[in-house]
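Here is the structure we will look at.
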Amino acid sequence: MAKTGTTTQGLREAIERSGYYPTLVGEAVEAAVGGEPVTSYLVHQETTFDSNEVRRHVTVLVLTGTRFLVSHTDEQPADGTSSSPYATTSTESVKIQRISSVVLSRVVADPESYTPGTLPREVVLTIGWGAVSRLDMEPATCGDPNCEADHGYTGSSTADDLSLRVSEAADGPDTVRQTLAFAQALSEATVTPS
């Protein structure tokens with residue numbers, strides 16, 4: 001369930017509505033936001049299946065006038081380090097100027113009959129600020145199928161600090177709209193005045 005909005009009170013209410021450890025998540029997010037006014041936010045809860053276990057986690061994205069904040073909370077079952085289930089929550093604060101890319105991928109049905117304003121059936125929001133990069137490497141070739149020479153490697157580096165997938169089928173149309181609104185607010189915030 002994703003929620004988006006523009007006030008600190010609305011952010012707190014969205015975290016509570018998500019129902020996912022709202023006291024823990026709320027405290028972590030509020031400490032990261034501090035006294036700054038909230039420009040926009042997105043609360044996204046996701047359930048995943050890991051072998052025989054169902055796991056839930058929540059990601060909270062917050063935009064202020066100067067920072068982009070990411071909070072992520074995961075629950076873990078009892079294990080060798082803890083005799084009872086536990087949750088791990090982390091927050092990261094990034095200056096708006098450090099955001100190097102905001103990528104919004106849209107998946108639409110029947111592209112030949114697409115009309116403006118139609119909601120995508122899914123969106124993937126990828127945000128990069130240089131903390132994590134993914135390096136994809138493969139052997140380089142010269143194009144000669146009979147060549148056995150070592151041509152080294154070729155590859156690409158992709159900023160991949162955060163990727164959030166939201167679909168109409170799993171999360172509902174409101175969640176898709178909310179993700180689009182947050183992505184637009186974040187993208188607009190990264191524009192530097194000339």
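The values are calculated or read from the model by the stated rules, or taken from the named source; none is laboratory data. Owing to the predicted nature of the structure, the values given are computational and were not obtained by experimental measurement. Neighbour counts run over all protein chains shown; Cβ positions are idealised from the backbone, glycine included. These area figures cover heavy atoms from the full protein model, side chains too; ligands, DNA and RNA do not enter into them. Shrake-Rupley method; radii C 1.70, N 1.55, O 1.52, S 1.80 Å.
Quick notes
- Inter-label distance for K95 and D74, nm, one decimal - labels placed 7 Å from Cα along Cα-to-Cβ: 3.0 nm
- Label-point separation, E27 to T48 (7 Å along Cα→Cβ), nm: 2.5 nm
- Angle in degrees between helix 22-33 and the longest Cα principal axis of the chain, rounded to the nearest 10: 70 degrees
- Computed as a quarter of the hull surface, the mean projected area of the alpha carbon convex hull for the stretch 61-149 stands at 13.6 nm².
- Hydrodynamic radius of the chain per Kirkwood, over alpha carbon pairs, in Å: 18.9 Å
- Helix 8-18 axis versus longest C-alpha principal axis of the chain: approximately 80°, rounded to the nearest ten.
- Distant-in-sequence amide H partners of S101 (H built 1.01 Å from N, under 5 Å): G128
- Residue by residue, the stretch 111-120 carries 3J(HN,Hα) couplings of x, 5, 10, 5, 10, x, x, 6, 5, x Hz when phi is fed to the Karplus relation 6.51 cos²θ - 1.76 cosθ + 1.60 (θ = phi - 60°); x denotes Gly or Pro.
- For the stretch 90-139 versus the stretch 176-190, the inter-centroid distance based on Cα atoms is 11 Å.
- Degrees between helix 173-189 axis and first principal axis of the chain (Cα, 0 to 90, nearest 10): 80 degrees
- Mean projected area in nm² (Cα convex hull; one quarter of hull surface) for the stretch 1-96: 6.5 nm²
- T7 versus T66: modelled label distance in nm, points set 7 Å from Cα along the beta carbon direction: 2.4 nm
- The chain - accessible surface per residue (Å², probe 1.4 Å): 58 Å²
- Put Y21, Y41, Y153 in order of accessible area, highest first, and with a 1.4 Å probe you get Y153, Y21, Y41.
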